[in-house]
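The values are calculated or read from the model by the stated rules, or taken from the named source; none is laboratory data. Values in this document were obtained by computation on a predicted structure and should not be read as measured data. So basically every Cβ, Gly included, is an ideal-geometry build from the backbone, and we count neighbours across all protein chains shown. Just the protein is used for accessible areas: all its heavy atoms, side chains included, with ligands, DNA and RNA removed. Shrake-Rupley method; radii C 1.70, N 1.55, O 1.52, S 1.80 Å.
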Amino acid sequence: MLKTRIVTALALLAGFLCILFLLPEAGVALAFGMVAGLLAWEWAGLMRVDAAGRLLFAGVVLVSCLAAYHQPEFAFPRLWWMSAAFWLLLAPLWLWRRWRIDANDMVGYLVGWTLIVPTWAALVGLQARNPWLLFAVMGLVWIADIAAYFAGRAWGRRKLAPAISPGKTWEGVGGAVAGVLLYGAIATLMAGYEPPSMVGWTLLLIALTAVSIQGDLFESMIKRQAGVKDSSNLLPGHGGLLDRLDSQTSTLPMAALAIAWLSS
């Protein structure tokens, strides 16, 4: 199993780097569009939609991405604001109340669309701005996950959300914040970037860490309600794409929105 996980991870990394640095703009949008379509297919599976419905929802997501691609200056910021509104206002209430999504539930489709299409727009928008910028934002989530895991293993005592994800602890959250702040300090130093406000920069990094954890918890809750361990078996040893990008769906649009605002 470990060997399979490593081989799959290396293949994913190689493919991601090729998309980032080798493909033209249209190719990047298409490649990430294929990822968005697969995420939609997995999401509809968690809703227990039949095969035809899963393909139809994937098609709707792809058409939405295509429409946004042809008017990015208009569509992208609005998609990111929509995502931010969901994660800051609705998702915390959803986690608290533990609402469910079911087959052919329009709310479930709308939530899936809100998770996936703005994420696609963030992937495309950040890559167009600078491939390394997209890599750095995604790296923030990876660092948060790794730091939370090791801090939780070493010091975890108080459960964060035992009914949703029993393994997560508040000590892990602290480790994630510490890891991301260290990562942010190193990244800004290497990039030669001087934040306009260190307090604001620190608060932004903490907010993105919190949102990344929320994205992980949200997908964990949806999977638990669906009675499955993984969103699919597309990735040998890793489950599905949604399992690997759960925190990215919450963090990437928020980061893209913040970067656009800081650059204006």
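Can you tell me which of (1) touching a Ser or Thr at 6+ places or on another chain (Cβ under 7 Å); (2) open to solvent by 60 Å² or more (accessible area, probe 1.4 Å) is the one Leu13 doesn't meet?
Result: Leu13 fails condition (1) only.
Six or more apart or on different chains, Cβ under 7 Å: which pairs go from a residue in the stretch 19-30 that's more than 8 Å from Gln127 (Cβ to Cβ) to one that's of a type outside the set (A, V, I, L, M)? Could you list them?
Listed pairs, sorted by first residue: Phe21/Pro131; Ala29/Tyr69.
Please indicate, with yes or no, whether at least one residue in the stretch 36-50 is of a type in the set (Gly, Ala, Ser), over 21 Å from Asp230 (Cα atoms) and assigned to a helix (DSSP H, G or I).
Scanning the stretch 36-50, I find no residue that is of a type in the set (Gly, Ala, Ser), over 21 Å from Asp230 (Cα atoms) and assigned to a helix (DSSP H, G or I), so the answer is no.
Would you mention how many residues in the stretch 222-248 are in a helix (DSSP H, G or I), open to solvent by 10 Å² or more (accessible area, probe 1.4 Å) and among the hydrophobic types (A, V, I, L, M, F, W, C)?
The number of residues fulfilling the criteria is 3.
When you scan the stretch 101-216 for helices (runs of 4 or more DSSP H) that lie fully inside it, which ones turn up with 1 or more residues that are without any contact (Cβ under 8 Å) to a residue 60 or more places away in the chain and of a type in the set (Gly, Ala, Ser)?
131-155, 170-191
Could you grab me the full set of residues in the stretch 18-68 that are among the charged types (D, E, K, R) and surrounded by 15 or more Cβ atoms within 10 Å (Cβ to Cβ)?
Passing the criteria: Glu42, Arg48, Arg54.
Given the criterion under 23 Å from Ile143 (Cβ atoms), in contact (Cβ under 8 Å) with a residue 24 or more places away in the chain and small (Gly, Ala, Ser), identify the matching residue among Ala226, Ala258.
None of the others qualify; the one that does is Ala258.
Just need a number here: residues in the stretch 70-118 that are open to solvent by less than 60 Å² (accessible area, probe 1.4 Å) and out of contact with any Pro (no Cβ under 6 Å at 6 or more places or on another chain).
23
Tally up the residues in the stretch 87-100 that are part of a helix (DSSP H, G or I) and farther than 15 Å from Met254 by Cα, please.
6
With (1) open to solvent by 10 Å² or more (accessible area, probe 1.4 Å); (2) more than 18 Å from Ala161 (Cα to Cα) as the list, and Thr251 as the residue in question, which single condition is left unmet?
Going through the list (1) open to solvent by 10 Å² or more (accessible area, probe 1.4 Å); (2) more than 18 Å from Ala161 (Cα to Cα), Thr251 breaks only (1).
Give just the number: which of (1) under 22 Å from Asn130 (Cα atoms); (2) buried (at least 18 other Cβ atoms within 10 Å of the Cβ); (3) not hydroxyl-bearing (Ser, Thr, Tyr) does Val211 not satisfy?
Evaluating Val211 over (1) under 22 Å from Asn130 (Cα atoms); (2) buried (at least 18 other Cβ atoms within 10 Å of the Cβ); (3) not hydroxyl-bearing (Ser, Thr, Tyr) leaves (1) as the failure.
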